[in-house]
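Remarks on the structure that follows.
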């Protein structure tokens, strides 16, 4: 598997600034919309942490209930990643914004 594209702080600021500029261009930049962009950026960091967890642990996690009782369970980060991504898309849709072109660098590349 390839690594999660981690952006520097300046890359994260570029994404936020791009979204804020889109708000300004649409003439909808106000406290409410700025707060939603902040929420989006918080979700963005959570999304990357969840991706990193999935890359590190895999989709199944081994557990031990007792001395001789082992098994596998699904990695809960997968379901959480889906929820976070859905909320991120809802925020962008609600504000009528498009993902920043800088976000492409934050996507996961999976090598087969």
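The values are calculated or read from the model by the stated rules, or taken from the named source; none is laboratory data. Computed from a predicted model, the values in this text were never measured in an experiment. Every residue, glycine as well, gets a Cβ built from its backbone with ideal geometry; the counts of neighbours run over all protein chains shown.
Going by the structure shown, is residue 53 loosely packed, with under 14 Cβ neighbours inside 10 Å and either in a loop (DSSP other than H, G, I, E, B) or in contact with a helix residue (DSSP H, G or I) (Cβ under 7 Å, 6 or more places away or on another chain) (or both)?
Details: loosely packed, with under 14 Cβ neighbours inside 10 Å: no; either in a loop (DSSP other than H, G, I, E, B) or in contact with a helix residue (DSSP H, G or I) (Cβ under 7 Å, 6 or more places away or on another chain) (or both): yes.
For residue 53, the condition - loosely packed, with under 14 Cβ neighbours inside 10 Å and either in a loop (DSSP other than H, G, I, E, B) or in contact with a helix residue (DSSP H, G or I) (Cβ under 7 Å, 6 or more places away or on another chain) (or both) - is not met.
Quick one: count up the residues across segment 37-48 that are surrounded by 15 or more Cβ atoms within 10 Å (Cβ to Cβ), more than 15 Å from residue 89 (Cβ to Cβ) and without any contact (Cβ under 8 Å) to a residue 40 or more places away in the chain.
The number of residues fulfilling the criteria is 0.
Count, please, the residues in segment 56-87 that happen to be outside any strand (DSSP E or B) and either at pLDDT 95 or above or in contact with a helix residue (DSSP H, G or I) (Cβ under 9 Å, 6 or more places away or on another chain) (or both). Steps first, answer last, please.
So in segment 56-87, the residues outside any strand (DSSP E or B) come out as 56-59, 65-69, 75-87.
In the following step, the residues that additionally are either at pLDDT 95 or above or in contact with a helix residue (DSSP H, G or I) (Cβ under 9 Å, 6 or more places away or on another chain) (or both) were identified as 56-59, 75-87.
The qualifying residues number 17.
Any chance you could count how many residues in segment 88-104 are part of a helix (DSSP H, G or I) and either surrounded by 16 or more Cβ atoms within 10 Å (Cβ to Cβ) or touching a strand residue (DSSP E or B) at 6+ places or on another chain (Cβ under 8 Å) (or both)?
Step one: list which residues in segment 88-104 are part of a helix (DSSP H, G or I), which gives 88-95, 101-104.
Still in the list and also either surrounded by 16 or more Cβ atoms within 10 Å (Cβ to Cβ) or touching a strand residue (DSSP E or B) at 6+ places or on another chain (Cβ under 8 Å) (or both): 88, 91-92, 95, 102-103.
Going through segment 88-104 one residue at a time, the tally reaches 6.
Quick check on segment 1-35: of everything there that is at pLDDT 95 or above and part of a loop (DSSP other than H, G, I, E, B), which residue is surrounded by the most Cβ atoms within 10 Å (Cβ to Cβ)?
Looking at residues that are at pLDDT 95 or above and part of a loop (DSSP other than H, G, I, E, B), I get 29.
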